[in-house]
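Okay, so here's the structure we're looking at.
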Amino acid sequence: MDITSQLTEKDVLIETIGVPKTETPVRCFSNEQQQTPTRVCKNYIRDQDRVLIDLSEQYFLECFRRGEAPLSFEKAGPRDKIYYHPKQVKCAIVTAGGLCPGLNDVIRAIVLELYYIYGVRNIIGIPYGYQGFIPAYNHSVLELNPERVSSIHEQGGTILSSSRGQYPIEEIVDSLQQLNVSILFTIGGDGTLRGADLISQEIKRRGLVTSVIGIPKTIDNDISLVEKSFGFATAVESAAGTIRSAHIESLGAPNGIGMVKLMGRHSGFIAAHAALASREANFVLIPEADFDLEGPEGLLAALQKRLAERGHAVIVVAEGAGQRYCSGDPLRQDPSGNIKLGDIGPFLVDRIKTHFAQLDIEINLKYIDPSYIVRSQPANSSDRIFCGFLGQNAVHAGMTGKTNMLVSLWNNQYVHVPIRAAVAHRKQVDLEGNMWLSVLESTGQPQVKNTPGGHPPAER
């Protein structure tokens, strides 16, 4: 499903707290000269500066047919006027949900941008996600400054710690009021962002002047209208290394099988990209592509043929793949309300061992689940650069008075996206797109489904 085709003008409008009237402390200069007599220069961004949502010829022709202007996102970056006075503003940062490479890098980028570029001196960190706002837990806020965050990018995780859970929005906004927070930076996935949207709505209902800015965090890279999420590149790099290890293990014994389970509840981006990065996987199983176990075209038959021909195989499986075989219990949910998935990895291990035992064929299967190792890694250089841009642009947006929005990379430009539009749908692997077709080509993976029609998207 093409998400962008369903967007309307309302879906790209960015909310603001008020009209920016304060001169910005951010100094920009034109490319022609280092000093200008006026404060107007090429480096300041205007709200009229836009980034087209779709660059395809087909999209432009469709817009022309309907007599509509192409939709675009508001471009991110420093404005020449800001809403909050730097000496009076108080900012808070919160990280929620699962760990992800780059969390500390984003925190650090926000703090350094606020402190050195805007001159903000009142910055706090909220511990343990949204739970940190709830008085009953009695968590103390952390004072944040350049000294405290100077080296945090060298370690994984988040210095603010995190948590999952759904907490009373009214109590969270009460705490924001009591703490006198002007800008809240929320770093998290779709659950955290949905919470940020509800917080923004409650703030608006109370008539408060508190801005809420999101930085999308999902190691699965599955947030809609976000070209890529921070930590994803690090996760793919780490996962590709694990696949290489599985390949070595598979070569080390007769009929060796290396199986790697990677993160990806509903979207198989990590599994697909890691397979492309390593070029050593023979089967890649993702939530979007259904597969059969039994039958002449099923996975077990294809694996049996692979072992007969090559003597080894590597299987990469995303955690959300094959849920029709080991479906989780809808009544069992994590604290964030997500249905707990069935564990596809051990299920496949047992089923593969049983299949070959019944055929009296010896196999040597090694199963690797590196999930917690992958997500707790420090960010690599690529992600560190990306996190820096996200943090800087989040601060620019917050100081300008933008709210209920997140910073996204789109068409290679940093843009502002309304939170509600981003969480309305989930981004998934396009089974007819170049990336997935490249996975099939690089693995040589046969169709592992007996029914016609290839790999239809799994129902969610």
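As a summary of the residue check, residue 256 satisfies the conditions (1) more than 30 Å from residue 52 (Cβ to Cβ); (2) within 24 Å of the chain's Cα centre (by Cα) except for the one numbered (2). In region 233-244, the residues that are touching a residue at least 24 places away in the same chain (Cβ under 8 Å) reach residues that are among the charged types (D, E, K, R) with C-beta atoms within less than 7 angstrom, at least six apart or across chains, in these pairs: 233/383; 234/383; 235/375; 243/280; 244/280. Would you be able to say whether some residue in region 411-432 is of a type in the set (Val, Ile, Thr), outside any loop (DSSP other than H, G, I, E, B), open to solvent by less than 60 Å² (accessible area, probe 1.4 Å) and closer than 26 Å to residue 315 by Cβ? No, region 411-432 contains no residue that is of a type in the set (Val, Ile, Thr), outside any loop (DSSP other than H, G, I, E, B), open to solvent by less than 60 Å² (accessible area, probe 1.4 Å) and closer than 26 Å to residue 315 by Cβ.
When residue 385 is tested against (1) surrounded by fewer than 18 Cβ atoms within 10 Å (Cβ to Cβ); (2) farther than 30 Å from residue 182 by Cα, just one condition goes unmet, and that condition is (2).
For residue 200, indicate whether it is buried (at least 24 other Cβ atoms within 10 Å of the Cβ) and out of contact with any Gly (no Cβ under 9 Å at 6 or more places or on another chain). Yes.
Contact annotation: residue pairs with Cβ atoms under 6 Å, 6 or more positions apart or on different chains, pairing a residue in region 347-375 that is closer than 30 Å to residue 231 by Cβ with a partner that is part of a helix (DSSP H, G or I) and open to solvent by 80 Å² or more (accessible area, probe 1.4 Å), are 366/249. Hey, does region 261-278 have a residue that's farther than 30 Å from residue 230 by Cβ and outside any helix (DSSP H, G or I)? No, region 261-278 has no match at all. Being crowded, with 22+ Cβ neighbours inside 10 Å and either touching a Gly at 6+ places or on another chain (Cβ under 8 Å) or not in a helix (DSSP H, G or I) (or both) is a property that residue 295 lacks. Criterion first (within 17 Å of residue 213 (Cα to Cα), within 26 Å of the chain's Cα centre (by Cα) and either open to solvent by less than 20 Å² (accessible area, probe 1.4 Å) or of a type in the set (Lys, Arg) (or both)) does residue 173 satisfy it? In short, yes. Residue count for region 433-450 under the criterion of being crowded, with 20+ Cβ neighbours inside 10 Å and part of a loop (DSSP other than H, G, I, E, B): the result is 2. Comparison of 185, 230 shows that the only residue that is part of a loop (DSSP other than H, G, I, E, B) and modelled with pLDDT of 95 or more is 230.
What residue, among those in region 388-410 that are among the hydrophobic types (A, V, I, L, M, F, W, C) and in a helix (DSSP H, G or I), is surrounded by the fewest Cβ atoms within 10 Å (Cβ to Cβ)? Break it down stepwise before answering.
If we filter region 388-410 for residues that are among the hydrophobic types (A, V, I, L, M, F, W, C), which is where we start, we get 389-390, 394-395, 397, 399, 405-407, 409-410.
Those left that are additionally in a helix (DSSP H, G or I): 389-390, 394-395, 397, 399.
Working: 389: 15, 390: 27, 394: 30, 395: 27, 397: 28, 399: 31.
For region 388-410, the residue satisfying everything is 389.
Those residues that are modelled with pLDDT of 95 or more and open to solvent by 10 Å² or more (accessible area, probe 1.4 Å), I need them from region 98-116; list them, please. Residues satisfying the conditions are 105, 108, 109, 112, 113, 115, 116.
The values are calculated or read from the model by the stated rules, or taken from the named source; none is laboratory data. Note that the structure is a prediction, hence the values are computed from the model and not measured. We place every Cβ from the backbone using ideal geometry, glycine too, and count neighbours over all the protein chains shown. Just the protein is used for accessible areas: all its heavy atoms, side chains included, with ligands, DNA and RNA removed. Shrake-Rupley method; radii C 1.70, N 1.55, O 1.52, S 1.80 Å.
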